[in-house]
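Read through the structure below, which is laid out as C-alpha cells, and then see the notes.
The values are calculated or read from the model by the stated rules, or taken from the named source; none is laboratory data. Predicted model only: the values in this text are computed from it and were never measured. Note: ideal-geometry Cβ built from the backbone for every residue, glycine included; neighbour counts use all protein chains shown. In case anyone asks, the SASA skips ligands and DNA or RNA and just uses the protein heavy atoms, side chains included. Shrake-Rupley method; radii C 1.70, N 1.55, O 1.52, S 1.80 Å.
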Amino acid sequence: MIEDDTIKLLRECDSGIKMGVSAIEDVIDYVKSEEFKYDLNKCKDDHDRLQTEIVTLLHKYQDKGKNPNPVVKGMSLMKTNMKLVMDKSDQTIADLMTDGCNMGVKSLNRYLNQYKKADDETRSIAKRLINLEHQLTLDIRKYL
C-alpha cells in the first residue's frame, strides 16, 4: 500500500512546479538579456520534465495533484506586476525570481521534513526540484 506521505509530497511538488512555471511565464517577456532568457527557459523545461514524472506517479496513485493556492498565486502576480510597473529591468526580474525560488526551496524542504514516510522516488523528485530552484538562483545572481 502506498504511504499517504508519498501522495502528499507529490501534491506539494506538483503545486510548486506549477507556481514556478507560472512565475517564469509571467516575467520572461520582460527579460532583455538573451542569456537570462535562456536560463529561465532551461529552468522551465527542466520543471516541465519533472512535472511529467510527477503526473505519471499521481496518475498511478489515482490522484489529480494540486494547484497552487489561488491567494498565494494572486499575491505573487500582484507583487510581480507592481515591481515591473516601477522597473522592468533584468535586475528586478532576477530579484523577483530569486525570492520565489528561495520560498520554493524553503517550502519544499519543510514538506520533505513533514512527509518523512514518503517513498524514496518521491523524495528524490522533491530533492531534484529543490536543486532546480537553487540552481536558478545561482545562475541568475549576475543579474541582481
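State the percentage of accessible surface on the chain attributable to carbon and sulfur atoms; use a 1.4 Å probe and exclude ligands, DNA and RNA.
Exposed carbon and sulfur together represent 53 percent of the surface.
Per residue, how much accessible area does the stretch 1-118 show when a 1.4 Å probe rolls over the protein heavy atoms, in square angstrom?
Result: 59 Å² per residue.
Taking the Cβ of S76 as the centre, find all other residues whose Cβ is under 15 Å away and add up their charges (Lys, Arg: +1; Asp, Glu: -1).
Result for the local shell: 0.
How about K64: which lysines have a C-alpha closer than 22 Å to its C-alpha, ignoring those fewer than 8 places off in the same chain?
K8, K18, K44, K73, K116, K117, K127
May I ask you to compute the full-extension gain from Q135 to Y61, defined as 0.36 nm times their residue separation minus their alpha-carbon distance, rounded to one decimal in nm?
Once the chain is fully extended between Q135 and Y61, it gains 23.7 nm.
Quickly work out the E121-to-D45 label distance, labels modelled 7 Å from Cα along the C-beta direction, and quote it in nm with one decimal.
The answer from the label model is 2.6 nm.
Please give, to one decimal in nm, the separation of the simple spin-label points placed at Q91 and N109, each 7 Å out from Cα toward the Cβ.
For Q91 paired with N109, the spin-label model returns 2.8 nm.
Summing +1 for each Lys or Arg and -1 for each Asp or Glu, what net charge is found among the other residues whose Cβ lies under 14 Å from the Cβ of D87?
+2
Which length gain, in nm to one decimal place, applies between N102 and E3 when the Cα-Cα distance is subtracted from 0.36 nm times their residue separation?
32.8 nm
Give me the Kirkwood hydrodynamic radius of the chain in Å, from all C-alpha pairs, to one decimal place?
It works out to 15.6 Å.
With a point put 7 Å past each Cα toward its Cβ, work out how far N69 is from I28 in nm, to one decimal.
So the two model labels end up 2.7 nm from each other.
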